[in-house]
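For reference, the structure discussed in these notes is given below.
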Amino acid sequence: MSASQKMNSSRSNEVDAVVIGAGFAGLYMVHRLKELGLSHRAFEQGGGVGGTWYWNRYPGASSDSESWVYSYTFSPELEQDWQWSCRFPEQAEILRYLEHVADRFDLKRSFDFNTRVTSASYDEASGFWTVETDGGERVRTKYLITAVGCLSAAQVPKIPGLERFQGKWYHTGQWPHEKVDFSGKRVGVVGTGSSGIQSIPIIAKQAKHLTVFQRTPNFSVPARNAPIGPEQMRKLKRDIRQIRETCRWATIGQPYDLLPTTALEVDPEERRKHYEADWQKGGFEWMFGSYCDLLFNEKANETAAEFVREKIRGTVKDPEVARKLIPRGYPIGTKRLPLDTDYFETFNRENVELVDLRESSIEEIVPSGIRTRDKTYPLDAIVFATGFDALTGPLTRIGIRGRGGQRLDEKWSTGPRTYLGVSTLGFPNMFMITGPGSPSVLGNMPTSIEQHVDWISDCIAHLRNKGATTIEPTKDAEDAWGAHVKELGDGTLFPQTDSWYMGANIPGKPRVFLPYIGGFGTYRKLCDEIAAKGYEGFSIT
Ligand code: NA7
C-alpha cells in the first residue's frame, strides 16, 4: 500500500464532489465546496499545490499579468495581507502565494497529492461518477469538477533519436525541482514561445554557449518588471477593490481595456507616439489596452507588427540575425504574445547563436547534440520550450467517459463541443473550470478561474436547493454556443495563424479556435443571465 493510500484510508470513497487539480482553480474550488458544506475529495498529480506554478520552474518563469491582478479576490483580508515584491512575480513567489492560500484556508487536507486520476466514468443508473486513481482508489461522486489548467499537458516533439542523447534534456513545463546548473555547458533551447523567450536570456547568462533553435520568429513586448515601492504598494492596497472590479468586466480581465479608437483612424505619427509610450510602460497593455481593431483588421495589425519589427532591427546588432528574428507572415497577437526581459538583446551576446529551422530543420537528435539538415550542434543539455496540448489536452488525457461509455476524446475528435466552456452534453454533473469555449487563456487566468468557480458553486447550490439530481446542457444550447464561439473566432485574425489557440501546434489535432473571444466581461454577464433564468440551455432533472 502506498503512503498516500495509507494516509487516506480514513477518507470517504463516496462524496458529493471530486476536484482534479491543485492550481489556482482547484484550490479555490475546494474552498467553495467547503463553504457549501459538500463532502469532497481532490486529487493532484504533483507533490504539492501550485498547478502551473508547481511544474513550470524553468529559469525566468514568471507571470505575464501584474501581481496585483494575478491573484485571488475572494478574500479582501488575503488581498491586504499578502505583499507582492514586484510587478511580474516569478514562479517561486507565486508558488509561495498559493502555498500560503492553501495553508490559510486549510485546503491541503482535502487533497491527495502525487495521485493521478486515471479515469472517470459516469454511471447512468446511479447518477454517480466513478473516479479511479493511480493509487488504486475508486471514489464515487455526484459532481466531477476538472481544475486541470489550460496549459498543463506538456508537449515534447517526437524528434528521432532523443533516447540516445547523452546529455540531459528538459521540458520547461516539467522542470526538475532541484536546481539545474548550466554553468560551463553547451545548451540548446528548442522553441521561442513565451517559455523560450522568458528562459533564453537567463540561460544565456549562465551557459558557456547557447544555441536557440527557432521555428517561427515571435513578436515580443518588454515586460519592464520592477519592484513595487512603498508608495505604489500603499496606493495598490488602497485601490485594489476598484482595480479588481474593473478586471471583472474588462475584455481580457485586466485593469485596462481596448481603446474605443481604431488604429487606422489615427494619424501615423500620433499612432507611433502611442505605441512608443506604451512600449516604455511595458506589459500586455501595449497590445490589449491599445486600438480596438488590432486583432480584427490586417492593416491595423500591421501598424503594430511593423512597430515591433523596427524595435528588433534597432536592438539586434547583426543584421542577418535580426532578419531571422523578425516575424513575418502572421498577425501580431495571434500567437500568444510573450513579454520579455532582454530577449532580443540576448542575441547580441558572443555566446548565443540562432538557428533558423525554416532554413534548416531538425533532422534528428544524435548522442552529442542536435543535427539539422546542414550541421550538427554539439550540446550538453537540451531545453524543450515546445509548449502544450492546450485547453483540450489536459481534459482528453484523463480518460473521461460519459453517458453510454462515450469517451470525451471521441466526442471531441473534430474539436471540443461545450456549452459556455463549462459543461458538455453527455457528461452530466461534470464541470470544467476554464474549459475550451470559455475566455480562459484570453484573459487574466485567476479572474477567469474565480468567475467559473463561483458560477459552478452557485449552480451546485441551486441544484441542491431544487433537489435536482443532474444538470447537462441541451443539444441546442451546445450547438448554438459552438457556432457562436466559431463565428466570433472567424471574425478575428486568429484563424490565419498556426498557434496553440487553433490547436495547430499538435500534429493531428483539429484546427479549431479554442477559446471564447467575445470578451471576458460580456461572458460573465451572459453566464449570470443564464443562471438568473434558471440555467437556461441546461436540462436539469
Ligand atoms: P508555445 O507558445 O506553444 O511555444 C512553443 C514553441 O516551440 C514555439 O516557438 C514553437 O514553434 C516551438 N516548437 C514546437 N514544436 C517544435 C518542434 N517540433 N520543433 C521546433 N520548434 C518547435 O509554448 P510556451 O511554453 O512557450 O508557452 C505556452 C504558454 O504558457 C504561454 O503562452 C503562456 O500562456 C504560458 P512554432 O511557433 O509552433 O513554429
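The values are calculated or read from the model by the stated rules, or taken from the named source; none is laboratory data. Only a predicted model underlies this, so the values are computations on that prediction, with no experimental measurement involved. Because the Cβ atoms are built from the backbone with ideal geometry, glycine has one as well, and the counts that use them run over all protein chains shown. Calculation scope for accessible area: heavy atoms of the full protein, side chains included, ligands and nucleic acids excluded. Shrake-Rupley method; radii C 1.70, N 1.55, O 1.52, S 1.80 Å.
The alpha-carbon of LYS311 sits under 23 angstrom from the alpha-carbons of these lysines, leaving out residues fewer than 8 places away in its chain: LYS205, LYS273, LYS281, LYS299, LYS324, LYS335. Expressed to the nearest 5 percent, the antiparallel share of DSSP beta bridges inside the chain is 40 percent. Axis angle, to the nearest 10 degrees, between helix 230-249 and the longest C-alpha principal axis of the chain: 60 degrees. The phi-based Karplus calculation (6.51 cos²θ - 1.76 cosθ + 1.60; θ = phi - 60°) puts the 3J(HN,Hα) values of the stretch 524-540 at 4, 4, 4, 4, 5, 5, 4, 5, 5, 8, x, 6, 4, x, 10, 9, 10 Hz, whole numbers, x for Gly and Pro. Evaluated at q = 0.07, 0.09, 0.10, 0.13 Å⁻¹, a Debye calculation over the C-alpha positions of the chain (equal weights, vacuum) places log10 I(q)/I(0) at -0.40, -0.67, -0.84, -1.42.
Computed across the stretch 395-540, the Kirkwood hydrodynamic radius from all distinct Cα-Cα pairs reaches 15.7 Å. When the pairs LYS411/LYS525; LYS158/LYS509; LYS179/LYS208; LYS208/LYS317; LYS486/LYS525; LYS168/LYS509 are compared against a 25 Å limit on Cα-Cα distance, LYS411/LYS525; LYS168/LYS509 fall above it. May I ask you to give the percent of accessible area on the chain that is carbon plus sulfur, with a probe radius of 1.4 Å? Here it works out to 50 percent. Full extension of the segment from LYS533 to ARG313, taken as 0.36 nm per residue of separation minus the current Cα-Cα distance, would add 73.7 nm. Restricting the trypsin sites (Lys or Arg not before Pro) of the stretch 202-288 to loop positions (DSSP other than H, G, I, E, B) with no more than 12 neighbouring Cβ atoms within 10 Å leaves LYS208. The C-alpha atoms of the chain define a longest principal axis, and helix 445-466 lies at about 10 degrees to it. For the stretch 484-541, the average shadow cast by the Cα convex hull is 5.4 nm², which is a quarter of the hull's surface.
Distant-in-sequence amide contacts of TRP169, defined by a placed amide H-H separation under 5 Å and a gap of 5 or more residues or a different chain, comprise ILE382.
Solvent exposure of GLU35, expressed as accessible area, is near 120 Å², computed with a probe of 1.4 Å over the protein chains only. Database remark: amide H of SER119 closer than 5 angstrom to the amide H of GLU132 (H placed geometrically; neighbours at sequence offset of 5 or more, or on other chains; Pro and chain starts carry no H). Summarised as an ellipsoid, the stretch 84-140 has semi-axes of 35, 12, 12 Å, derived from the eigenvalues of the Cα gyration tensor scaled by 5 and square-rooted, with the largest first.
Rounded to the nearest whole Hz, the Karplus-based 3J(HN,Hα) values (6.51 cos²θ - 1.76 cosθ + 1.60, θ = phi - 60°) of the stretch 375-380 follow the sequence 7, 9, 9, x, 9, 9, with x at glycine and proline. Taking the centroid of alpha carbons for each part, the stretch 28-75 and the stretch 127-183 are 16 Å apart. Inverting the pair-averaged 1/r between distinct Cα atoms of the stretch 268-394 gives 17.2 Å as its Kirkwood hydrodynamic radius. The solvent-accessible area of GLU270, taken with every protein chain present and a 1.4 Å probe, is close to 110 Å². Close amide H contacts of VAL366 (hydrogens built in the peptide plane, cut-off under 5 Å, sequence separation of 5 or more or a different chain): ARG371. With all protein chains kept in place, the per residue accessible area of the chain amounts to 41 square angstrom at a probe of 1.4 angstrom.
Shape summary of the stretch 47-131, radius of gyration then Dmax from alpha carbon positions: 16.6, 53 Å. 3J(HN,Hα) along the stretch 16-26, derived from phi through the Karplus expression 6.51 cos²θ - 1.76 cosθ + 1.60 where θ = phi - 60°, amounts to 6, 9, 10, 10, 10, x, 10, x, 3, 6, x Hz, with x in place of Gly and Pro. Principal-axis analysis of the Cα atoms of the chain puts helix 298-315 at an angle of about 50° to the longest axis.
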